[in-house]
């Protein structure tokens with residue numbers, strides 16, 4: 001399990017929390033430009049650096065899945081999850 005920081009919304013407020021992810025259940029990742037735009041608009045927590053990037057993870061849960069937005073760019077999250085280009089091609 002890998003510890004990441006998730007951005008989530010509760011009521012009309014965005015907050016941060018720790019999230020543990022099993023890298024074997026991540027089925028897709030992409031840059032989350034919507035959240036990056038919201039950071040520039042001042043909607044997200046004040047303690048985030050304005051240069052921060054965000055990645056949306058799609059996690060398999062059997063018949064359904066969940067998607068979460070975490071702090072970090074695609075390359076950083078891929079490395080943190082231990083997903084090298086070789087492991088991505090094994091699919």
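Bear in mind these aren't lab numbers, they're just calculated from the coordinates by the rules spelled out. Worth saying up front: this structure is predicted, and the values here are computed from it rather than measured.
Under the 0.36 nm per residue contour assumption, what length would be gained going from the current alpha-carbon distance of residue 27 and residue 13 to full extension?
Difference between extended and current length: 2.2 nm.
For the stretch 2-90, what are the per-bin percents of Cα-Cα distances with bins 10 Å wide, up to the bin holding the maximum?
Binned Cα distances yield the sequence 16, 50, 28, 6, 0.
Note down the relative contact order for the chain as a percent, whole number, built from C-alpha pairs under 8 angstrom at least six residues apart.
28
Taking 0.36 nm per residue of separation and subtracting the Cα-Cα distance, what length does fully extending residue 5 through residue 59 add?
17.9 nm
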